[in-house]
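Structure, as structure tokens:
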Amino acid sequence: LMRRPLPTSTLALLTACGGGGEQPADEATATDEATAPAIPADLPNVVIVTLDTTRADPLGRYGYDKASTETLDALAAAGRRYERVYSPLPLTIPAHSSMFTGLYPAHLGIRDNGFGMLTDDRTTLAEILGEAGYATGASVSAFVTTRTWGFDQGFDGFYDELGTGRDQNVWHQERRAEPVIDDALAWKGTLDGEQPVFLWVHLYDPHFPLEPPEGYVDPEDPRPYDGEIAYVDDQIGRLVEAFDGEPTLFVIAGDHGEGLNDHGELNHGLFVYDATQHVPFILSGPGVEPGVDSTVASLVDLTPTVLHLIGLPIPEGLDGRVISAETERPVYMETYQLWDRF
């Protein structure tokens with residue numbers, strides 16, 4: 001488990017109990033400044049787009065010849081496409097919690113949607129970047145990524161107004177990618193440009209029910225899942241355009257996949273086959289060496305990898321590691337849904 005810094009009062013007590021006496025204020029300040037990790041002067045923007053319920057195989061750069069994913073394919077071509085990244089758990093709340101803390105679901109105590117949330121004793125990527133001087137904003141698209149579950153932790157601006165949804169079931173609250181991107185760009189427009197920007201955008205469209213907007217499904221060849229992803233790709237294009245000319249690290253990640261009747265599972269949650277675990281993961285921007293990477297990795301590696309790329313220190317005690325061939329190891333996946341439901 002990640003160890004948070006001890007409070008100042010606790011440190012003072014430990015010093016006193018150690019018999020060393022109290023450190024003079026000016027000496028303590030000098031020591032703190034000498035040991036504090038240096039913050040790079042020119043930090044790039046960081047934009048993370050999480051694609052809900054998105055498998056790796058429907059994207060063009062992952063080998064799908066019917067894909068209409070020009071924006072994502074362009075980011076992959078200019079950056080690094082990771083071929084073997086897996087979700088730790090095929091449900092949104094646990095998967096996102098792992099992404100933004102670097103901890104596996106078992107260590108977070110979040111192993112199902114609706115049972116557990118991010119609490120103040122967990123340090124999130126947004127909090128780390130905020131401490132480093134970033135303006136932090138997020139715009140999300142479904143109940144499972146709202147502040148209800150602690151996902152607003154560390155964000156200056158957090159946009160999660162969803163409306164009433166398809167019915168009165170709160171779990172069905174969602175909104176299209178377009179208003180999500182609208183809120184993200186509006187928030188960016190309020191900034192003065194003096195700070196680097198950390199923006200998280202969550203897009204829920206590829207989730208069931210599959211109802212792509214008009215123009216994204218060919219009646220002669222209806223592929224609604226592909227249509228939802230094509231629509232999302234167009235909206236991500238607006239986001240990429242808004243950061244044109246600014247040094248920006250883009251991170252694209254599926255939170256988990258979708259069964260689509262593979263292994264008899266229409267949706268997700270019950271099994272941990274590739275259909276629901278193998279996700280797209282693309283890095284593009286400053287510090288990223290273009291190419292294709294076949295290192296086995298987990299979404300739990302997102303936070304340490306981002307911090308490494310932008311030159312910030314990585315907290316101790318994380319399950320995640322910087323993705324590289326040198327740190328490759330087996331990754332952990334779980335689901336208890338069959339047991340819990342049946």
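The values are calculated or read from the model by the stated rules, or taken from the named source; none is laboratory data. Note that the structure is a prediction, hence the values are computed from the model and not measured. Positions of Cβ are backbone-derived with ideal geometry, glycine not excepted, and every protein chain shown enters the neighbour counts. Quick note on the areas: whole protein, heavy atoms, side chains included, nothing else; ligands and nucleic acids left out. Shrake-Rupley method; radii C 1.70, N 1.55, O 1.52, S 1.80 Å.
Residues that are closer than 18 Å to THR248 by Cβ and either among the hydrophobic types (A, V, I, L, M, F, W, C) or surrounded by fewer than 18 Cβ atoms within 10 Å (Cβ to Cβ) (or both) within region 58-93 comprise LEU72, ALA74, LEU75, ALA76, ALA77, ALA78, listed in sequence order.
When the residues of region 94-116 are narrowed to those that are open to solvent by 10 Å² or more (accessible area, probe 1.4 Å) and in contact with a helix residue (DSSP H, G or I) (Cβ under 6 Å, 6 or more places away or on another chain), which ends up nearest to LEU307 (Cα to Cα)? Only one residue tops the list, namely PHE100.
Scanning region 231-242 for residues that are open to solvent by 10 Å² or more (accessible area, probe 1.4 Å) and either hydrophobic (A, V, I, L, M, F, W, C) or closer than 21 Å to TYR86 by Cα (or both) returns VAL240, ALA242. Could you give every pair whose Cβ atoms fall below 8 Å, whose first residue belongs to region 194-210 and is within 30 Å of GLY245 (Cβ to Cβ), and whose second residue is in a strand (DSSP E or B) and of a type in the set (D, E, K, R), counting only separations of at least 6 or pairs across chains? These pairs meet every condition: TYR204/GLU174.
Can you tell me which of GLY245, GLY269, GLY257 is in a loop (DSSP other than H, G, I, E, B) and either open to solvent by 40 Å² or more (accessible area, probe 1.4 Å) or free of Cβ contacts under 8 Å to residues at least 12 places away in the same chain (or both)? So the residue among GLY245, GLY269, GLY257 that is in a loop (DSSP other than H, G, I, E, B) and either open to solvent by 40 Å² or more (accessible area, probe 1.4 Å) or free of Cβ contacts under 8 Å to residues at least 12 places away in the same chain (or both) is GLY245. Of all residues in region 143-177, those that are β-branched (Val, Ile, Thr), in a loop (DSSP other than H, G, I, E, B) and open to solvent by 60 Å² or more (accessible area, probe 1.4 Å) total 1. Consider ARG329 carefully, then state whether it is of a type in the set (D, E, K, R), assigned to a loop (DSSP other than H, G, I, E, B) and at pLDDT below 95. Against the criterion (of a type in the set (D, E, K, R), assigned to a loop (DSSP other than H, G, I, E, B) and at pLDDT below 95), ARG329 qualifies. Which pairs have Cβ atoms under 6 Å, sit 6 or more apart or on different chains, and link a residue in region 213-228 that is under 19 Å from SER141 (Cβ atoms) to one that is assigned to a helix (DSSP H, G or I) and of a type outside the set (Gly, Ala, Ser)? Within 6 Å, the pairs are PRO213/TYR231; TYR216/TYR231.
Inspect all residues belonging to region 273-291 and state whether any of them is within 24 Å of THR335 (Cβ to Cβ), modelled with pLDDT of 95 or more and either open to solvent by 60 Å² or more (accessible area, probe 1.4 Å) or in a loop (DSSP other than H, G, I, E, B) (or both). Yes. For region 124-137, the condition of being closer than 30 Å to GLY320 by Cα, touching a residue at least 40 places away in the same chain (Cβ under 8 Å), β-branched (Val, Ile, Thr) and open to solvent by 20 Å² or more (accessible area, probe 1.4 Å) holds for at least one residue.
Taking the criterion of being touching a strand residue (DSSP E or B) at 6+ places or on another chain (Cβ under 7 Å) and open to solvent by 10 Å² or more (accessible area, probe 1.4 Å), the only residue of region 297-309 that qualifies is LEU309.
Of all the numbered requirements in (1) of a type in the set (D, E, K, R); (2) out of contact with any helix residue (DSSP H, G or I) (no Cβ under 8 Å at 6 or more places or on another chain); (3) over 17 Å from ASP182 (Cα atoms); (4) open to solvent by 20 Å² or more (accessible area, probe 1.4 Å), GLU228 misses one, and that requirement is (4). Somewhere in region 306-324, is a residue small (Gly, Ala, Ser) and either in a strand (DSSP E or B) or touching a Phe, Trp or Tyr at 6+ places or on another chain (Cβ under 6 Å) (or both)? No, every residue in region 306-324 fails to be small (Gly, Ala, Ser) and either in a strand (DSSP E or B) or touching a Phe, Trp or Tyr at 6+ places or on another chain (Cβ under 6 Å) (or both). Tallying residues that are assigned to a loop (DSSP other than H, G, I, E, B) and among the hydrophobic types (A, V, I, L, M, F, W, C) within region 46-101 yields 5.
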